[in-house]
1. At 20 °C and 1.002 mPa s, what whole-number value in µm²/s does Stokes-Einstein give for the translational diffusion of region 120-264, with Rh from the Kirkwood sum over Cα pairs?
2. Any idea of the accessible area per residue across the chain, 1.4 Å probe, to the nearest Å²?
3. To the nearest 20 Debye, how big is the dipole of region 1-124 about its Cα centre, given +1 on the beta carbon of each Lys and Arg and -1 on that of each Asp and Glu?
4. Any idea what diffusion coefficient region 229-318 gets from Stokes-Einstein, in µm²/s, Kirkwood Rh on alpha carbon pairs, 4 °C, 1.567 mPa s?
5. Return the distance in nm (one decimal) between the two label points of a simple spin-label model at Trp249 and Lys276, each offset 7 Å from Cα along Cα→Cβ.
6. What share of the DSSP beta bridges in the chain is antiparallel, in percent to the nearest 5?
7. Could you order peptides 191-199, 110-118 by the average number of other Cβ atoms within 10 Å of their residues, highest first?
8. How large is the charge dipole for the chain, taken about the Cα centre, if only the Cβ atoms of Lys, Arg (+1) and Asp, Glu (-1) carry charge, to the nearest 20 debye?
Amino acid sequence: MQFNVDSLVTVVIPNYNNKELLNNLLISLSSSISLNHIIIVDNASQDGSADFIKKNYPEIILVENSSNMGFAYAVNQGIRLVKTEFIFLLNNDTLVENDTISNLIKTINSSPNIFSVSSKMIQYHNQNLLDDVGDEYTIMGWSKRRGYNQEKTRYIEDEEVFSACAGAALYRRDIFDEIGFFDENFESYVEDMDLSFRARLHGYKSYYSSKALVYHYGSATTGSRYNAFKVKISARNNIYLIYKNMPLWMKLINGVFIIAGIFIKYLFFYKKNLGKEYIAGIKEGLSSRNKLTKSCTPLINSLKIELLLIKNTITFFK
C-alpha cells in the first residue's frame, strides 16, 4: 500500500544546538517528506542553529524560543501547529531510512486504538546494536528500554509495547485533544512514559514498528548517559508519573515495590557518585507533586495496566 506521506504526516523536531547533526537528519528526511511538512522548535540554541535553518531550509516552519523551555514545552508548541492526521516526533540526533515514515503509518493504521508507534532505533556508532524498540514499565516504578545493546536482528515483528520512545515515534494528532499534551511540568525525560500511561488510562495503546528504522547518536543534547542533571530530573519525574497516573489502590498495592525500586536505584547511582542527585530528585518530586493534574483513572483500564505492569516486572527479571 502506497501513502502520500505529505498529506498524512508532519515531522516535529525539538532542537537545542548540534546544527551539524540536525542538518544530517534533515538530509535523511528530504527523500521521504517535503520540507514544508517539518516543524523545528529551537530552544534558544547557542550555536546558530536558527540562523542556519533559515538560511539553508527556508521551507521549514521554525519556532524560536528565547530560552530553553525543555523537551515537553517545545514539542507541544510544534504539535499545536500540526494539521495532519499524524505527528512524527524526532530527536535532532537521529537519521531515518527512506521508508521509515510509511512503515510507521502501516503499523498505526492496523488498529484505531493505537495512539503511538515506536521506531526500531539503532545505535549510530554501532549499527549492529539496538538502541530502543519501545519502552516498558514495571510495578517497581522502573522503565526499560527494550532491546538496548542487543543485536539489531532481534525484534523482527510489530508488537504492542507499554510506551513509544518520543525520540522517534508517530502519534495520532486528534488523540492529544482528548487526553492532553505532553506534561510540561516534566520538562525533559519520562514525559513520553507519562503520556503513554495516560493514553492507556483512556483505552489506547502503543506499538512498535519493526521495519521503521531510525539511527540514534544518543545523548547529543544532555551529554553522557548518566549525568547530574539527567539523574535528578528523571528521579523527580518518576515520582510525578506515579503520583499523576496511579489511582490510590494501585499506589497501595505497588507501594512496597516502588520503595524497593527507589532504594535499589539509589545504590546504583551512589556507586556512580550520583546518589545525592538522585535523592534530591526524589525529594523534589515529593514536595512539588501537588502542582500536577491527576489523570483520569477508569477502573477497568487501570486494572489492565496493573496486570501489564506485573507481566513487565516478571519479564524484566528474566
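The values are calculated or read from the model by the stated rules, or taken from the named source; none is laboratory data. What you see is a predicted model, and the numbers here were worked out from it, not measured in a lab. Every residue, glycine among them, receives a Cβ derived from its backbone with ideal geometry; neighbour counts consider all protein chains shown. The area values use the complete protein model at the heavy-atom level, side chains included, leaving out ligands, DNA and RNA. Shrake-Rupley method; radii C 1.70, N 1.55, O 1.52, S 1.80 Å.
1. My calculation gives 132 µm²/s for D.
2. About 45 Å² of surface per residue is accessible.
3. On the way: 7 positive and 11 negative charges, 48 e Å.
So the magnitude is around 220 debye.
4. For the chosen part, D equals 92 µm²/s.
5. Spacing of the two 7 Å Cα→Cβ label points: 4.4 nm.
6. Numbers: 21 of 42 bridges.
Counting DSSP beta bridges with both partners in the chain, the antiparallel share is about 50 percent.
7. Working: 191-199: 25.2, 110-118: 20.1.
Ranked by mean Cβ neighbours within 10 Å, highest first: 191-199, 110-118.
8. Values: 35 positive and 32 negative charges, 252 e Å.
Charge dipole, the chain, about its Cα centre: 1220 debye, nearest 20.
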